[in-house]
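The values are calculated or read from the model by the stated rules, or taken from the named source; none is laboratory data. Please read all numbers here as calculations on a predicted model, not as lab measurements. Every residue, glycine among them, receives a Cβ derived from its backbone with ideal geometry; neighbour counts consider all protein chains shown. Note: areas computed on protein heavy atoms with side chains; ligands, DNA, RNA excluded. Shrake-Rupley method; radii C 1.70, N 1.55, O 1.52, S 1.80 Å.
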Amino acid sequence: MIKSIVKAILTYFGYQILRRPRHKSQAKEVAPAFDKIHYGSGYNYLSEWLNVDIIAKGPENYMYVDLTNRHPFPDNSFKFGFSEDFIEHIDQANSLLFLVEAHRTFCKGGVLRLAFPVLESVLVKHFIPSDFDIFLKGKEEAYDAFGHIHFYSKESLALVASHIGFDLQIVECGKSIHPQLDGINSRNTSVNIHVELTKK
């Protein structure tokens with residue numbers, strides 16, 4: 001009764017009450033039907049891959065997964081992974097959680113391909129010269145406009161990858177020695193770096 005009254009009052013004043021969709025708990029592990037996973041897929045669903053993101057619904061090969069939480073997959077589930085323009089949207093602490101869970105759920109020798117804006121290129125493109133107004137504009141362009149929170153540098157990513165248990169290799173956009181990852185990138189920007197992390 002009270003809920004309906006509050007809802008009526010809020011509606012009268014132009015407010016809309018939205019409920020977040022309920023999703024299955026990630027505590028329960030699910031054996032995936034695919035050995036390839038596409039992290040932060042958005043609406044770019046790859047066929048013959050498990051696409052994961054926090055969009056409410058998707059096709060049959062899509063699954064709601066909060067990638068900053070424990071991933072709902074058993075150890076050694078995947079041989080290949082891909083993520084493009086995702087990791088810069090989460091802070092450093094959550095990116096560590098994402099990467100350690102990717103490592104856990106990958107088979108030994110499994111390869112995770114990442115494409116994201118690298119700090120070195122972001123600085124060159126958006127933060128020259130050393131002037132406050134230029135830097136303020138750079139902040140708007142590099143961070144605020146796209147919801148970017150954190151950029152890895154080559155050195156910091158190499159440090160994190162090694163610490164977690166990955167070998168890191170910098171690769172060309174759209175090119176890989178692995179057929180499953182060759183030509184998979186959908187975007188090539190001047191600030192993006194392309195790396196492949198292999199589970200030791």
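Enumerate the amide H contacts of His194 below 5 Å, restricted to partners 5 or more residues apart or on another chain; note that Pro and chain-start residues carry no placed amide H.
Val171
Pull up all non-local amide H partners of Gly110: gap of 5 or more, or a different chain, and H-to-H distance under 5 Å with H placed in the peptide plane.
Lys199
Around Phe73, which amide H atoms from residues at least 5 apart in sequence, or from another chain, sit under 5 Å from its own amide H, with H modelled in the peptide plane?
Val30
So what are the ³J(HN,Hα) numbers for segment 190-198, from phi and the Karplus equation (6.51, -1.76, 1.60; θ = phi - 60°), rounded to whole Hz, Gly and Pro as x?
Values, residue by residue: 5, 9, 7, 10, 10, 9, 10, 9, 10 Hz.
For the chain, what is the accessible area per residue in Å² when the probe is 1.4 Å? Can you show the working numbers first?
Details: 12080 Å² over 200 residues.
In whole numbers, the chain has 60 Å² accessible per residue.
Within segment 62-93, what residues put their amide N at less than 16 Å from the label point 7 Å along the Cα-to-Cβ vector of Lys108?
Hits in segment 62-93 for Lys108 at 16 Å: 75-79.
What percentage of the solvent-accessible surface of the chain, computed with a 1.4 Å probe over protein heavy atoms, is contributed by carbon and sulfur atoms? If you can, show how the numbers build up before the last one.
Numbers: 6870 of 12080 Å².
The C+S portion of the solvent-accessible surface of the chain is 57 percent.
For a paramagnetic label modelled at 7 Å from the Cα of Ala93 toward its Cβ, which residues of segment 49-86 fall within the zone defined by backbone nitrogen distances under 20 Å?
Only 66-71 fall inside the zone, counting backbone N under 20 Å.
Would you be so kind as to identify all helices of the chain, as entire DSSP H runs, whose Cα atoms reach 24 Å or more along the helix's own axis and whose mean Kyte-Doolittle hydropathy is at least -0.5? Don't jump to the answer; show the numbers that get you there.
Numbers: long enough: none.
Result, helices passing both filters: zero.
Take peptides 78-87, 140-149 and line them up by average Cβ neighbours within 10 Å, highest first, as a rough protection proxy.
On the way: 78-87: 22.1, 140-149: 13.5.
By packing density, highest mean first, the sequence is 78-87, 140-149.
Out of every Cα pair in the chain, what percent are spaced more than 23 Å from each other? Write down the numbers at each step before the final one.
Details: 10052 of 19900 pairs.
Everything past 23 Å amounts to 51 percent.
On average over all directions, what projected area in square nanometres does segment 50-103 have, based on the convex hull of its Cα atoms?
Seen from a random direction, the Cα hull of segment 50-103 projects 4.0 nm² on average.
Restricting the count to DSSP beta bridges whose residues both fall in the chain, what percent are antiparallel, rounded to a multiple of 5?
Details: 13 of 29 bridges.
Once the DSSP bridges in the chain are tallied, antiparallel ones form about 45 percent.
Cα centroid distance between segment 127-200 and segment 87-108, in Å?
The distance from the Cα centre of segment 127-200 to that of segment 87-108 comes to 14 Å.
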